[in-house]
1. Taking the alpha carbon gyration tensor of segment A:199-336, what are the square roots of 5 times its eigenvalues, largest first, to the nearest whole Å?
2. Over chain A, what is the relative contact order in whole percent, taking alpha-carbon pairs under 8 Å and six or more residues apart?
3. Given q = 0.14 Å⁻¹, what are the Debye log10 I(q)/I(0) values for chain A, with equal point scatterers placed on the Cα positions and solvent ignored?
4. Where does the charge balance sit around B:SER226 when Lys and Arg score +1, Asp and Glu -1, over other residues with C-beta under 15 Å from its C-beta?
5. 222 nm [θ] for chain A, helices only, -39500 (n - 2.57) per DSSP H run of 4+, per residue, to 500?
6. For segment A:215-226, take each phi angle, set θ = phi - 60°, evaluate the Karplus expression 6.51 cos²θ - 1.76 cosθ + 1.60, and give the result in whole Hz per residue in order, putting x for glycine and proline.
7. Explain nothing, just the number: relative contact order of chain B, from Cα pairs under 8 Å at least 6 residues apart, as a whole percent.
8. Starting from the alpha-carbon convex hull of segment B:34-184, give the projected area averaged over all orientations, in nm².
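A short reminder: the numbers here are calculations on the coordinates, not readings from a lab. All values derive from a computational prediction rather than experimental measurement. Virtual Cβ from ideal backbone geometry, glycine too; neighbours counted across all protein chains shown.
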Amino acid sequence: MSHNTDNGVVEAVEGEQSDAARLAHDESQLPAHRPRRTDYDPRAAKRAERQVAIMFGLSAVFTILFVVAFVQVGTEEVLRIPFFGTFGRSNLYLGLTFGLATLLIGTGAIHWAKKLMNDHEVVAERHPLRSPDESREEAVAAFEAGAEDSGFASRPIIRRSLLGAMALFPIPLVMVLRDLGPLPGKVLEETAWKPGMRIVGADSGIAIKPSDIPVGGIVQAIPADLPEIQEIEGNLNSRAKDVVLLVRMNPADIVSQQGGTAEEPWDFNGIMCFSRICTHVGCPIALYEQRSHHLLCPCHQSTFDLADSANVVFGPAARELPQLPIMLDAEGYFVARDGFNQPVGPSYWERS
Amino acid sequence: MKTLKARRHRAAAPMLVLLALALIGVMYAAVGSATTASAANEVQGGVDAQIAAGKKLFAEGCSSCHGLGAQGGPNAPTLIGVGSAAVDFQVSTGRMPLAANQAQAPVKPVEYSDLEIAQLAAFVGSLAPGPQIPADADLNTQNADMAFGGVLFRTNCSQCHNFAGSGGALSNGAYGPNLRDASPREIYEAMLTGPENMPVFSNQTITTSDKQAIIKYIQNMQTEPSYGGWALGRFGPVTEGAFVWIFALGLLVAAAVWIGAKVR
């Protein structure tokens with residue numbers, strides 16, 4: 001065991017080391033304390049004192065200015081600053097004054113602590129966590145006396161009834177788990193689209209004819225029953241699942257579709273209908289490039305080629321956007337020929 | 001009586017008529033000055049003359065790519081059936097004539113005068129029926145429902161043009177342009193004709209009043225000050241996040257260094 005005795009404080013103690021000796025030993029390994037300028041130069045100390053007081057004083061000024069700005073500046077007033085643009089005057093002034101008032105209290109306090117408060121290094125001793133043996137023995141004795149007094153071992157009826165109560169106690173905790181259900185059932189597989197359901201504009205709610213959509217045009221659409229379904233279900237789940245996109249392209253540009261026969265095509269003269277819900281994580285898509293026929297998802301850049309069965313050409317989506325077969329009803333408006341033949345939206349556990 | 005009558009000059013009556021005509025002319029000019037563009041076209045001759053002038057301009061400036069009959073070429077689409085609205089949009093924003101074959105035609109200084117653009121539009125519009133330049137009444141947003149315009153904008157436009165109309169990237173170098181300087185007429189014509197990669201929003205599905213509502217909403221966004229502070233281009237979390245990561249975190253690091261530094 002080697003001891004540093006350079007500064008003469010540490011005495012080499014044989015055997016047990018006292019706290020004081022350990023403390024002195026640790027302190028001796030610290031770099032020597034160097035006084036700050038404010039410690040020995042009263043003028044520097046006076047200057048630091050002034051600086052701190054100025055910061056606190058400015059903070060008070062900005063607090064008052066905040067109150068003035070709050071009362072005086074209207075929320076509609078506008079301030080133009082070159083390069084930065086046009087601002088709401090009120091927000092700008094309130095933010096600046098409150099921010100500076102807070103900041104100056106902080107900088108003042110830190111400046112005060114760094115320049116003027118005592119900066120002598122202090123070593124704090126860390127003691128062992130284990131309690132002394134006497135305390136441990138005392139605790140065990142107290143527990144045993146309590147157990148003896150309760151008569152847990154000698155009064156079996158109390159013991160058994162308590163064990164029974166404790167055994168039944170978890171049942172309510174398990175019961176409330178039932179409220180996490182019911183299981184979703186077929187909700188994830190099905191949409192509101194049924195054969196013969198009218199396709200109407202998403203915001204306008206008006207029925208759509210083929211002549212309404214020029215080549216290169218798109219229409220965001222919903223099932224005609226959507227408002228009633230929302231009313232019944234009391235939520236927006238149906239809107240989140242059932243939104244579709246009607247898109248028209250030159251029939252010669254269509255490479256493939258997801259289904260349909262010559263007698264019962266899934267499109268109508270180049271007008272096709274696709275689910276708008278991305279098959280990756282379910283963002284609603286409508287970023288359509290009419291020249292490339294690509295539909296891009298804004299969330300993760302999945303790209304679907306609508307001219308080729310809406311297959312994925314780029315991005316993390318794992319499967320094509322489901323196509324809704326369409327036809328015209330007796331009045332010449334678009335209706336669904338059938339529901340979707342696969343679940344719309346992202347993958348889920350039970351999806352085959 | 002006779003002397004009085006003799007004092008009146010012989011030309012007094014014709015002069016009075018001329019004066020009245022001149023006054024009416026000045027008043028008409030003052031009232032009609034709001035629609036100078038269309039009035040000027042009519043002054044230049046009938047529709048026939050306008051189409052003939054447009055045909056000449058087209059042969060000089062456009063036919064090298066679009067063909068003498070506007071039938072299109074290997075690198076240029078046919079203009080038969082695109083309508084006068086498409087020509088007005090493309091030429092009045094400087095997108096056409098194209099300077100170079102790029103992923104997308106950028107907005108440039110306009111090459112043609114208003115009159116020449118009207119002549120070109122009349123010529124192309126005469127080739128086949130197509131979307132027409134909107135009338136002033138179509139662009140009147142006085143009674144438009146701005147809140148509904150916002151709903152329509154978020155459903156139909158924000159995917160490419162950003163929630164604040166700041167524009168954004170598409171694929172293969174194309175982009176949705178920002179709408180901060182777009183005039184009501186340009187917005188209307190773009191919806192009607194679907195320039196480049198933009199889909200067409202026909203008047204049957206997005207009606208004229210819907211279009212007016214969208215225009216009113218966009219105009220409001222164009223003039224709205226950024227109450228929340230520096231908008232950083234209104235691109236949302238991308239620029240705002242970058243700013244916070246670089247400048248705000250940098251400031252915090254500097255403050256931490258200052259707090260931890262030893263004082264001498």
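1. Working: eigenvalues 96, 84, 32 Å².
Over the Cα atoms of segment A:199-336, the semi-axes work out to 22, 21, 13 Å.
2. Values: 475 pairs, mean separation 41.1, N = 352.
Relative CO of chain A lands at 12 percent.
3. Log-scaled intensity ratios, in q order: -1.12.
4. Details: positive: A:ARG80, A:ARG89, B:ARG180, B:ARG234; negative: A:GLU76, A:GLU77, B:GLU224, B:GLU240.
Summing Lys/Arg as +1 and Asp/Glu as -1 gives 0.
5. Values: 9 runs with 122 residues, N = 352.
Helix-only estimate at 222 nm: -11000 deg cm²/dmol.
6. After applying 6.51 cos²θ - 1.76 cosθ + 1.60, I find 4, x, x, 10, 9, 7, 9, 9, x, 4, 7, 3 Hz.
7. Relative contact order comes out at 16 percent.
8. On the way: hull surface 41.3 nm².
Over all viewing directions, segment B:34-184 projects a mean Cα-hull area of 10.3 nm².
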